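Okay, so here's the structure we're looking at.
The values are calculated or read from the model by the stated rules, or taken from the named source; none is laboratory data. Just so you know, these numbers come straight off a predicted model, no measurement behind them. Backbone-built Cβ (ideal geometry, glycine too); neighbour counts: all protein chains shown. To get the accessible areas, we keep the full protein, side chains included, count just its heavy atoms, and leave off ligands, DNA and RNA. Shrake-Rupley method; radii C 1.70, N 1.55, O 1.52, S 1.80 Å.
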Amino acid sequence: MGAVNRLSGVPNLAAPLTYAAITGYCAASQVLVVHWRGGPGVRRTARRWRLAYAAVLLGIAVTFLLGTLPWSAAPTWTPTTRRPRSSPR
């Protein structure tokens, strides 16, 4: 994991890649089970599973990109604090 982060230059890039790989494996396994089961609606069911897993992969990518916002865009205080904390320098 450290090698992926060092080679890419993006901190924690290995985490969403790992989650995406695991999700892809789960999707492939689920679609394989659907095809093994057979039946009249196999193609429709498999398509729905693929679309659902594609949405999960999109969610992983979006949350990773939202988490990489610059510090200036992130709030440095919460409503329960008495005063805003100083921003890191």
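One residue stands out among those in the stretch 26-50 that are outside any helix (DSSP H, G or I) and on the phi < 0 side of the Ramachandran plot: the one that is farthest from the chain's Cα centre (by Cα), which is P40.
Does R6 satisfy the condition of being exposed (fewer than 11 other Cβ atoms within 10 Å of the Cβ) and at pLDDT below 95? Walk me through how you get there before you give the answer.
On the way: exposed (fewer than 11 other Cβ atoms within 10 Å of the Cβ): no; at pLDDT below 95: yes.
Judged against the criteria, R6 is not a match.
Looking only at the stretch 9-19, filter to residues that are at negative phi and part of a loop (DSSP other than H, G, I, E, B); which one of those is surrounded by the fewest Cβ atoms within 10 Å (Cβ to Cβ)? Break it down stepwise before answering.
Looking only at the stretch 9-19, we keep the residues that are at negative phi, and these are 10-11, 13-19.
Add one more test, that the residue is part of a loop (DSSP other than H, G, I, E, B), and what stays is 10-11, 13.
Values: V10: 13, P11: 11, L13: 17.
This residue is P11.
Among the residues of the stretch 25-56, which ones are surrounded by 14 or more Cβ atoms within 10 Å (Cβ to Cβ) and among the aliphatic types (A, V, I, L, M)? Break it down into steps so the answer makes sense when it comes.
Within the stretch 25-56, the first condition is being surrounded by 14 or more Cβ atoms within 10 Å (Cβ to Cβ), and the residues that meet it are 27, 30-31, 34, 42, 45-46, 49-50, 53, 56.
Within the stretch 25-56, A27, V31, V34, V42, A46, V56 meet the criteria.
The condition of being charged (D, E, K, R) and out of contact with any helix residue (DSSP H, G or I) (no Cβ under 8 Å at 6 or more places or on another chain) does not hold for R50. Going through (1) open to solvent by less than 90 Å² (accessible area, probe 1.4 Å); (2) within 11 Å of the chain's Cα centre (by Cα); (3) modelled with pLDDT of 95 or more one by one, I22 falls short only on (1). Residues considered: L58, L51. Of these, the only one that is at pLDDT 90 or above, under 17 Å from A21 (Cβ atoms) and not small (G, A, S) is L58.
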